[in-house]
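The values are calculated or read from the model by the stated rules, or taken from the named source; none is laboratory data. Not measured: the values here are computed from a predicted model. Here Cβ is always computed from backbone atoms with ideal geometry, including for glycine, and neighbour counts include all displayed protein chains. Surface accessibility is based on the protein's heavy atoms, side chains included, excluding ligands, DNA and RNA. Shrake-Rupley method; radii C 1.70, N 1.55, O 1.52, S 1.80 Å.
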Amino acid sequence: MDDTKRYERLRERFGNGDIGRRKFLGLLGAAGAAYGVQMPFSNMAFAQDVSQVRFDGWGGVVSEAFRAKAFDPYTKKTGVEVVDGTFGSGDEYLARVKTAQEGEYNIAHLSGVFDYARYHNLGFSSSLNRDNIPNLDIVIPKLVDVYRTVSGDQLSCVPYDYGTTGLAYNRKYISDEEMKEQGARILLNEKYKGKIGGWSDWRTRIWYGALQTDQDPNNIQDMDAVWDAIRQHRDLALKYWGSGAELMSLLAEEEIYVTEGWSGRIYALQEQGHDIGYYDPPNGFGWQECLFVMKGSPMAEVEELLNFMLAPETSIAVAEAQNYPPALDPSKVDLGSKIPTLPAFDATGKLDGLTFANPDYWNGNEAEWSKTFGRVQKGY
């Protein structure tokens, strides 16, 4: 059998689905090597086989959605296992990454451009080949372009979803009218002392402290007033919650009546039949999440996984399961019937109605503000 016929038969087997991509490349490279031919991908064909990729995310219903709608189908299709871990906060996860060996962590479900900037500035970023991720072409352009302000033409992530951290409240005790009238200040209402909650995240506490003192969260002029508001909220709150699961439990069990919360988790409570309202106050906390690829990751496998996850059939399924709008451009992709009903969804794809954190501003103040909040949280 001559070389041409051998290659044609291998290609036919690959095209019919009889062999996978990795085996196809390996057999093709081996065939070329046997006849003294250096194939352009021979290094990849004989490289160490990558059998798994690690993914770290926020746990709870979000991780369940990724596992069921993306990871398991991807593994079935490619044979590459996705090992997923969880974290409770971005700061907690970053601490792990700093002490790990390069390549130990691969993909992280990061929140906000400020997280992207932190990882990039610390030297953890990779460089994705966009040609290997063609589904980036159907992503909302604004969600992609914002990362260029941090890393230029080098892209180390793909946008995946977006949402808001708005106000969640039990309608049995708080009316829609009262919520709209008081806005962020309802978290400082003495009437609900002991029935107020809040996320133990310094950025969220400062953001809402700015709203409660009528300031722009991206340009705070009076930090003393913000810290006073944070202390007032702390003294009225039953507790700070630390995870989406805890947030949902506190509201469902009526341990608290009002808190700020993540839009997707509140929608999940509503789906379960709980009469929980959700309100985004003016200048409420909008955010976008990305799938960030760490330096030292197996890029071919990672890029294939990212493209698979951005495919409409995967991305829409994950979005419907985790209740956050996908990064896909609604002007290019039919997102179905459920996604347009989700909190924070923007039918235009322009996201002009959401206020995002300025990464330079927030990262520039992180050291001072996070340290101060740690003291305030402890009662100082």
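Quick check: Cα centre of the stretch 307-329 to Cα centre of the stretch 245-284, how many Å?
22
List the residues of the stretch 219-262 whose backbone N lies under 15 Å from a point placed 7 Å from the Cα of Lys172 along the Cα-to-Cβ direction.
Within reach of a label on Lys172: 249-258.
On C-alpha positions alone, give me the angle between the axis of helix 3-15 and the longest principal axis of the chain, in degrees, nearest 10.
30
Looking at (i) 26, 52, 17, 4, 0; (ii) 29, 56, 15, 0; (iii) 24, 42, 29, 5, 0, which value of P(r) over Cα pairs in 20 Å bins from 0, in percent comes from a calculation on the structure shown?
(i)
Using a 1.4 angstrom probe, figure out how much accessible area the stretch 53-145 has per residue, in square angstrom, rounded to the nearest whole.
Numbers: 3930 Å² over 93 residues.
About 42 Å² of surface per residue is accessible.
Calculated FRET efficiency, Asp145 and Glu253, Cβ-Cβ r, R0 35 Å, to nearest 0.05?
Numbers: r = 42 Å, r/R0 = 1.21.
It comes to 0.25.
Work out, step by step, the length gained on full extension between Glu313 and Thr75: first 0.36 nm times the residue separation, then minus their alpha carbon distance; give nm to one decimal. Walk me through the numbers before you get to the answer.
Details: separation 238, 0.36 × 238 = 85.68 nm, distance 1.57 nm.
Contour length minus the Cα-Cα distance gives 84.1 nm.
Starting from the Kirkwood Rh over alpha-carbon pairs, what translational D in µm² s⁻¹ does the stretch 299-380 have by Stokes-Einstein at 37 °C and 0.692 mPa s?
Numbers: Rh = 15.9 Å.
In µm²/s, the coefficient is 207.
P(r) tail for the stretch 136-238, what percent of Cα pairs lie past 15 Å? Each step should come with its number before you reach the end.
On the way: 3647 of 5253 pairs.
More than 15 Å apart: 69 percent of the Cα pairs in the stretch 136-238.
For the stretch 263-375, with only Lys/Arg (+1) and Asp/Glu (-1) charged at the beta-carbon, what is the dipole magnitude about the Cα centre, in debye rounded to 20?
Numbers: 7 positive and 16 negative charges, 65 e Å.
Using only the charged Cβ atoms, the result is roughly 320 debye.
Taking every alpha carbon pair in the stretch 196-331, what does the distance histogram look like in 5 angstrom bins from 0, in percent?
It works out to 2, 9, 15, 16, 16, 14, 12, 9, 6, 2, 0, in whole percents.
On the accessible surface of the chain, probed at 1.4 Å, how many percent belong to carbon and sulfur atoms? Numbers along the way, then the final one.
Working: 7770 of 16860 Å².
Carbon and sulfur: 46 percent of the exposed surface of the chain.
Enter the angle in degrees (range 0 to 90, nearest 10) between the Cα long axis of helix 90-99 and the first principal axis of the Cα atoms of the chain, meaning the one along which they spread out most.
Taking the Cα atoms of the chain, the angle to 90-99 is about 50 degrees.
List the pairs from Lys142/Lys338; Lys239/Lys371; Lys172/Lys239; Lys142/Lys332; Lys98/Lys142; Lys191/Lys371 whose alpha-carbon separation is above 25 Å, in the order I gave them. Display every interim value, and only then the final one.
Values: Lys142/Lys338 23 Å; Lys239/Lys371 20 Å; Lys172/Lys239 21 Å; Lys142/Lys332 14 Å; Lys98/Lys142 30 Å; Lys191/Lys371 30 Å.
Correct reply: Lys98/Lys142; Lys191/Lys371.
Report, in whole Å, the centroid distance computed from the Cα atoms of the stretch 153-172 and the stretch 48-103.
First find each Cα centre; the distance between them is then 19 Å.
Only four residue types carry charge here, +1 at the Cβ of Lys and Arg and -1 at the Cβ of Asp and Glu. Report the dipole size of the chain about the Cα centre in Debye, rounded to the nearest 20. The partial results should precede the final answer.
Details: 39 positive and 54 negative charges, 150 e Å.
Here the size comes out at about 720 debye.
Label point 7 Å out from Lys371 along Cα-to-Cβ: which residues of the stretch 214-256 have amide N under 19 Å?
223-224, 227-228
Express as a percent, rounded to the nearest 5, the fraction of DSSP beta bridges in the chain (both residues included) that run antiparallel. Can you show the working numbers first?
Values: 25 of 40 bridges.
Expressed as a percentage, antiparallel bridges in the chain total about 60.
Counting pairs of alpha carbon atoms under 8 Å apart in space and at least six apart in sequence, what relative contact order in percent does the chain give? Please report the intermediate quantities before stating the final value.
Details: 590 pairs, mean separation 92.4, N = 380.
Here the relative contact order equals 24 percent.
Any idea which of Met294, Phe373, Ala317 is furthest toward the positive side of the dipole for the stretch 291-380, if Lys and Arg beta-carbons carry +1 and Asp and Glu beta-carbons -1?
Comparing the listed Cα positions along the dipole, Phe373 ranks first.
Grab the Cα-Cα distance for Lys378 and Ser200, subtract it from 0.36 nm times how many residues apart they are, and report the gain in nm with one decimal. Walk me through the numbers before you get to the answer.
Values: separation 178, 0.36 × 178 = 64.08 nm, distance 1.14 nm.
Full-extension gain reported as 62.9 nm.
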